[in-house]
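Everything below concerns the one structure shown next.
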Amino acid sequence: MLQIALLGIAFAVLVVISIASVYWLQRAREDAAWVAHTLEVENQISLSLLQIRRAESAERGYLLTQEQGFLDDYEAAAGGIPPLLRTLQEQTRDNPEQQRAVIEIMALAEARLAQFRRVLELGRDNKLDAATEMIRVNAGRDTMNRIRTLSLEMSAEEQRLFRARTTTADRSQALAAIVTTSGSGLVLLLAAISIFLVRRSAAARDEAETRLRDSNLNLESTVLERTADLREANDEIQRFAYIVSHDLRSPLVNIMGFTSELEELRGDIFRRIATLERAASPNPMPENADNDAEPKLSGADKQLSQDFTEALGFIKSSIAKMDRLISAILNLTREGRREFKPVLIDTRELIEGIVSTVAHQAAEAEAEIHIEPLPQIVSDRLAIEQIFSNLIDNALKYLKNGVPGEIRVRGRQKLGFAIFEVADNGRGIDPKDHQRIFDLFRRAGTQDRPGQGIGLAHVRALVRRLGGTMTVSSELGTGSTFTITLPAKWSAANRDSQA
Amino acid sequence: MSKPVTIIMIEDDEGHARLIERNIRRSGVNNEIIPFTNGTAALDYLFGPDGSGIEHKGQALLILLDLNLPDTSGIDILRRVKENDHLKCTPVVVLTTTDDAHEIKRCYELGCNVYITKPVNYESFANAIRQLGLFFSVIQVPETIA
């Protein structure tokens, strides 16, 4: 900002200097012209005076010699005077004082010339005495003196003017020189300041650049740090899940174990009750009754036994369910800890393999599985196998009752990513459940099929670990399409970059 | 068992210990079972006050070991037993909840003789322990080396 202002000022100064220089040079030239003019005027005055003198001396010469040559000289001189004076009048028009003097000189010269003419006429008529007399009466000398005085005054005036004008001209030139020099100096100064400022701002820019580079490096290391933190947190969660599910299992063994022991005890107790009842009853049962068989009970005892059995049944089924969930978490965390190994996978062959393993289920469900051309990818074989077998399994599991199933596996390649679709014409998923189905232990729709709500959570975790994304588009009753986008070439490195 | 083998059971969960003992007894094994609920006590017993394990000279021992102990890891106990000159021939049966492949491999590498995962399902659990008991009744256990 300051720099622009400075440059503007420098430019303005340059313009001012130029104008001032031009102005002062013009002034100097004008002053010089005036000086020349003064000299000219002086010259004119001398010339006029000289001419008058010449006329006078020619007149005298003629009177003395009567020679025609002097008369001619006189005519030439006398003829030259009025134009000279007129020029002088013209030249001194700017100066009223000089003008007055010129007019007076003109009148005097006129008078003087008239005298000359009269003397010459007398001379021509050979009245020499009269002519000499006329010269002697001095009338002519007075006029002449007056003219000389006036001329001298005019010359003096012109001298004065000359001096004054020379001074002015000198001053103008000096001023022009000063303006030019000081202006140049100022411009140089401004240029120097500009250069200084430019260098300073360049230094500031360099510094800013360095700082930017530093902060970029900082940012990178921050990102790396955060990534490492995240990975550590992720590992922590994995370890946590592993330990928790492990430690949960241990008490479960006890609960299950002692529940079973209780069950044994229950058998013993109710057998005892039955035996006692039999002993108390009037007609005892035959002794050879099977001891292991369910003892015959009656009334309240039977009800008690049934309640006992029911309670134990609930406990055992809950424990079994909890065990399945814990196993699922363990499997997921174990999956999360498994190292992936990228290999080139012929996706079509892999999916054909999966389809052949579910052929029996497909035949049962009257479903057909079509595999369209699929792109090859470099990824972890086991993970890809698990992803597709889960999806195909789900498609077979949730077909519409009474409608022949049709499952299509499609694929295409786009910008370094392979996009796969597993589409079915099954029962579909309500859009409000689209997020939920990916959550662990969550399921959607009619719960008429066995399952823990783990498959899709597992699939999505795998897809994410492989640096991909997964979406579902589905409507109730029209089937579902699961779309998986995976990097065409997965390597451990780009897993890190997406971790 | 042909000789009076002492079974050393290192199991932090007393419920588990009880269930294991009960099922071993059910398989007809009547040998002495010395239970320990933590690693330190078990190590103190096994290696004695001087840490050499010489106390058990001439005894036939069998160790039932859980890996998840509160104070020491079962793996450490396994390593120390197998590194000890007197105890290294003592059979070690690892009986734990972990069925992680790495863990199993590590135990066998360290010289464990049998690795059994505790099934949550009690029938399987009881069955496994009973079979282990039957196994105990037929195997030969060496006396600890002097």
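Please treat every number below as a calculation from the coordinates, not as lab data. Everything numeric here is computed off the predicted structure, so don't read it as measured data. When we count neighbours, we look across all protein chains shown, and the Cβ atoms used for this are built from the backbone with ideal geometry, even at glycine.
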Checklist entry - Which whole DSSP H helices in chain A pass both tests: a Cα extent of 20 Å or more along the axis and a mean Kyte-Doolittle value no lower than 0.5? => result A:2-65
Checklist entry - Given springs between every Cα pair under 10 Å in a Gaussian network model of chain B, which of B:120, B:92, B:81 has the largest fluctuation? => result B:120
Item to check | lysines whose Cα lies under 22 Å from that of residue B:118, excluding same-chain neighbours fewer than 8 positions away | outcome: A:316, A:321, B:105
Checklist outcome for this item: Share of Cα-Cα pairs in segment A:232-333 beyond 24 Å, whole percent, is 47
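Quick check on the exposure proxy: order A:13, A:422 from fewest to most C-beta atoms within 10 angstrom.
Details: A:13 17, A:422 24.
The most exposed by this proxy come first: A:13, A:422.
What translational D, rounded to a whole number of µm²/s, comes out for chain B from Stokes-Einstein when the hydrodynamic radius is the Kirkwood one over Cα pairs, at 4 °C and 1.567 mPa s? Kindly include the intermediate steps, with their values, before the conclusion.
Details: Rh = 15.2 Å.
The calculation lands on 85 µm²/s.
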Checklist entry - If the viscosity is 0.692 mPa s and the temperature 37 °C, what translational diffusion coefficient in µm²/s does Stokes-Einstein give for segment B:63-146 when Rh comes from Kirkwood over Cα pairs? => result 242
Checklist outcome for this item: Residue span residue A:118 to residue A:271: 0.36 nm per residue of separation minus Cα-Cα distance leaves a gain in nm of 35.9 nm
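Test of understanding: express the Cα radius of gyration of segment A:2-201 as a ratio to 2.2 N^0.38 Å, with N the residue count. Please report the intermediate quantities before stating the final value.
Working: Rg = 29.3 Å, N = 200, 2.2 N^0.38 = 16.5 Å.
Taking the Cα Rg and dividing by 2.2 N^0.38 Å, one obtains 1.78.
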Next on the checklist: Would any residue of segment A:376-411 have its amide N under 15 Å from a label point 7 Å out along Cα→Cβ of residue A:368? List them or say none.
Outcome noted: A:403-409
Checklist outcome for this item: What one gets for segment A:1-50 as the Kirkwood radius, inverse of mean 1/r over different Cα pairs in Å, is 14.0
Checklist entry - Mind checking which lysines have their C-alpha under 18 Å from residue A:341, skipping anything on the same chain fewer than 8 residues away? => result A:489
Next on the checklist: So if I average 1/r over every pair of distinct C-alpha atoms in segment A:1-104 and take the inverse, what Kirkwood radius in Å does that give?
Outcome noted: 17.9
Checklist entry - Looking at the protein assembly as shown, which Cys residues are left with no other cysteine's beta carbon under 4.7 Å from theirs? => result B:89
Checklist outcome for this item: Inter-part gap, Cα centre of segment A:131-182 to Cα centre of segment A:4-39, in whole angstrom, is 31
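Among residues other than residue A:444 whose Cβ falls under 14 Å from its Cβ, what is the net charge (Lys/Arg +1, Asp/Glu -1)?
On the way: positive: A:397, A:427, A:432, A:436, A:442, A:443, A:449; negative: A:430, A:433, A:439, A:448, A:475.
Computed value for this residue: +2.
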Next on the checklist: Can you give the FRET efficiency to the nearest 0.05 for residue A:99 and residue A:171, using r as the Cβ-Cβ distance and R₀ = 22 Å?
Outcome noted: 0.20
Checklist entry - What ranking do B:95-105, A:306-316 get when scored by the average of other Cβ atoms within 10 Å per residue, highest first? => result B:95-105, A:306-316
Checklist outcome for this item: Given a Förster distance of 25 Å, the FRET efficiency implied by the Cβ-Cβ spacing of residue A:346 and residue A:464, rounded to the nearest 0.05, works out to 0.60
Checklist entry - Given labels modelled 7 Å from the Cα in the Cβ direction, how far is it in nm from residue A:181 to residue A:231? => result 7.6
Checklist entry - So what does the Cα-only Debye profile of segment A:395-499 read at q = 0.16, 0.18, 0.21, 0.24 Å⁻¹, as log10 I(q)/I(0), no solvent term? => result -0.76, -0.92, -1.14, -1.33
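Just checking the output field for A:326-332: average partner chain Cβ neighbours within 10 Å of each residue's Cβ?
Numbers: counts 2, 2, 0, 0, 4, 0, 0.
Neighbouring Cβ atoms belonging to other protein chains average 1 per residue here.
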Checklist outcome for this item: Per the Kirkwood formula over distinct C-alpha pairs, the hydrodynamic radius of the protein assembly as shown in angstrom is 38.8
Item to check | Modelled label reach - residue A:491, point 7 Å along Cα→Cβ, segment A:412-432 residues with backbone N closer than 20 Å | outcome: A:414-418
Item to check | Candidate lysines - alpha carbon under 20 Å from residue A:432, same-chain residues fewer than 8 apart omitted | outcome: A:400
Checklist entry - Using 7 Å Cα-to-Cβ label points, what is the residue B:127/residue A:400 separation (nm, one decimal)? => result 4.4
